[in-house]
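The values are calculated or read from the model by the stated rules, or taken from the named source; none is laboratory data. What you see is a predicted model; the values in this text were computed from it and never measured. We place every Cβ from the backbone using ideal geometry, glycine too, and count neighbours over all the protein chains shown. Areas reflect the complete protein model, heavy atoms only, side chains present, ligands, DNA and RNA absent. Shrake-Rupley method; radii C 1.70, N 1.55, O 1.52, S 1.80 Å.
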Amino acid sequence: MNKRKTSMALAASMILSLTTGALPVLADDTVSITIFNSKSEIQSQLEEKAAEYSAETGVEIEVYYSSDTVSAHLATRYASGDPYTISMVDAKDVYSLAEEYAVDLSDEDWVNDTEYEIAIDGVVYGFPVCVEARGIIYNADAIEAITGETFDPSAYTTLDAFTELLETLVAGGMETPVGIMKEDWSLGAHYLSEVYEQQEDVEAFISALQEGTADLINNEKFNSLMDVFDVLMQYNYAAGSAIAAEREVTEMMLADGEIAFMFGGNWDWSVINAYDYTENMGIMAVPQNTDDGTNEKLVGGGSKFFFIDSSENTSEEQVQAAKDFLNWLVYDEDGQSFLVNDCALVPAYSNITLDVSDPLGQSVKEYADAGLLIDNYNYLPDDHYSLLGAAFQKYLAGQIDREGFAAEIESYWLTAEVAEH
């Protein structure tokens, strides 16, 4: 572990803590650090655990959250000379900020226990917080109550088979088996992104979009995924007022089995578990009539990354305290439990063997362990989900057709710039 020199007492206490698995005990002067959290669903858990960590270690930790665009929010903090000690960002933010603002973490022990760290030119800057993936969330109990058969998602990898199952559910009394989240981030950042991520050559496809040569309306993958979305819209419980549907209502209906399917990711468990949910749920790949294998995989990988500030505003003692906190998350039993049990996250580290507690996370871990994850495309422009999410909402509302939607996507990309990578 690459440790900066502080006092002998500080260094000795940290070495002892990491070799024994105990919380670090800091001596002498109090060290204060700040953490920026961009994952809203774990804000209360992070605040509570930071308070406990502070009480036991003497390291004062303040946790902040902002719903603003991560890059814009951090730019404001840096402009004011008040950066966070640790910032939780998206992958593209690591690529754009790290070389100027982040500490080299290459020598940290956890680098050897993960496949999801972010390195730039061989230097590790990004600490992966968790693994997340997206696909079609299903309520197997609701399905089985109608079919009378054990639900096997691998039997419904094609759109034809999936549509037939939806018809069976309708015939059995579930009039509208699907829910669609209308939020721009769900449509623009999660579903539409799969059109890029599932291309044979993602970088070449993005370049073609930027050059205006992609011919999206004739792109096989675009049409395959839009065919799926059309089926989801056909069976959507809120088809008559799709843009008025509230996320919490949709997820509540999925939780109690009023509907059986919803596109989303394992982060949705933080909403679902607030309701009287059924026990047998999971995530399956987006079903498509394709033979390229994408209909057997989720899209995902490392999601959210911590980096430690390297500017003159952060002292060596604060850098060390920040490093120690990250090591605590990976190697201390309490830190591991915080990630897996308190936050219901899928760990990004091979040494963390705790059972993932929620069914959506369990599905993601199964796909990840089997090597069945399509990589996220981590370099989309900051305004992609808001602008194209709004265009997608028009499609969902029936205000534009597929050609019109394709045209808006192509128009956007003519001036859009991806993050540096």
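Summary table
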| item | result |
| --- | --- |
| Single residue of Ser315, Ser303, Ser310 found to be of a type in the set (Ser, Thr, Tyr), surrounded by 23 or more Cβ atoms within 10 Å (Cβ to Cβ) and under 30 Å from Glu100 (Cα atoms) | Ser303 |
| Every pair of residues 6+ apart whose Cβ atoms lie under 7 Å, when the first sits in region 178-194 and is closer than 16 Å to Val228 by Cα while the second is open to solvent by less than 10 Å² (accessible area, probe 1.4 Å) and of a type in the set (Val, Ile, Thr) | Val178/Ile259; Gly179/Thr250; Gly179/Ile259; Met181/Thr250; Glu194/Val286; Glu194/Val299 |
| Residue in region 295-308 that is among the polar types (S, T, N, Q) and in a helix (DSSP H, G or I) present | yes |
| Unique residue being open to solvent by 10 Å² or more (accessible area, probe 1.4 Å), modelled with pLDDT under 95, under 24 Å from Val346 (Cα atoms) and not in a strand (DSSP E or B) when the list is Ser106, Ser96, Ser71, Ser67 | Ser67 |
| Which listed residue is more than 26 Å from Trp267 (Cα to Cα) and either modelled with pLDDT of 95 or more or not aromatic (Phe, Trp, Tyr) (or both), from Gly135, Gly81, Gly126 | Gly81 |
| Lone unmet requirement of (1) within 30 Å of Phe222 (Cβ to Cβ); (2) of a type in the set (Gly, Ala, Ser); (3) surrounded by 19 or more Cβ atoms within 10 Å (Cβ to Cβ) for Gly293 | (3) |
| Region 353-390, residues that are free of Cβ contacts under 8 Å to residues at least 40 places away in the same chain and at negative phi | Thr353, Leu354, Asp355, Val356, Ser357, Glu366, Asp369, Ala370, Pro381, Asp383 |
| Top-ranked residue in region 218-249 [being polar (S, T, N, Q) and assigned to a helix (DSSP H, G or I); ranked as least open to solvent (accessible area, probe 1.4 Å)] | Ser224 |
| Per-region count, region 109-129, residues without any contact (Cβ under 8 Å) to a residue 60 or more places away in the chain and either in contact with a strand residue (DSSP E or B) (Cβ under 6 Å, 6 or more places away or on another chain) or assigned to a strand (DSSP E or B) (or both) | 5 |
| Qualifying residue in region 319-340 (condition: touching a helix residue (DSSP H, G or I) at 6+ places or on another chain (Cβ under 7 Å), outside any helix (DSSP H, G or I) and buried (at least 23 other Cβ atoms within 10 Å of the Cβ)) | no |
| Meets criteria (among the acidic types (Asp, Glu) and part of a strand (DSSP E or B)) for Glu132 | yes |
| Of all residues making up region 248-283, the number that are out of contact with any strand residue (DSSP E or B) (no Cβ under 9 Å at 6 or more places or on another chain) and of a type in the set (D, E, K, R) | 3 |
| Residue ID - nearest to Leu97 (Cα to Cα), chosen from residues in region 390-421 that are open to solvent by less than 30 Å² (accessible area, probe 1.4 Å) and in a loop (DSSP other than H, G, I, E, B) | Ala419 |
| Filtered residue count, region 319-365, keeping only those that are of a type in the set (Asp, Glu) and either more than 21 Å from the chain's Cα centre (by Cα) or modelled with pLDDT of 95 or more (or both) | 4 |
| Only one of Leu360, Leu380, Leu354, Leu387 that is over 24 Å from Phe307 (Cβ atoms), outside any helix (DSSP H, G or I) and not small (Gly, Ala, Ser) | Leu354 |
| Odd one out for Tyr78, checked against (1) surrounded by 14 or more Cβ atoms within 10 Å (Cβ to Cβ); (2) in a loop (DSSP other than H, G, I, E, B) | (2) |
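Listed here are the residues, each with its yes/no results for (1) touching a strand residue (DSSP E or B) at 6+ places or on another chain (Cβ under 6 Å); (2) closer than 29 Å to Tyr101 by Cα.
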{"residue": "Gln320", "(1), (2)": "no, yes"}
{"residue": "Gly335", "(1), (2)": "no, yes"}
{"residue": "Asp342", "(1), (2)": "no, no"}
{"residue": "Ala348", "(1), (2)": "yes, yes"}
{"residue": "Ser363", "(1), (2)": "yes, no"}
{"residue": "Asp369", "(1), (2)": "no, no"}
{"residue": "Leu372", "(1), (2)": "no, no"}
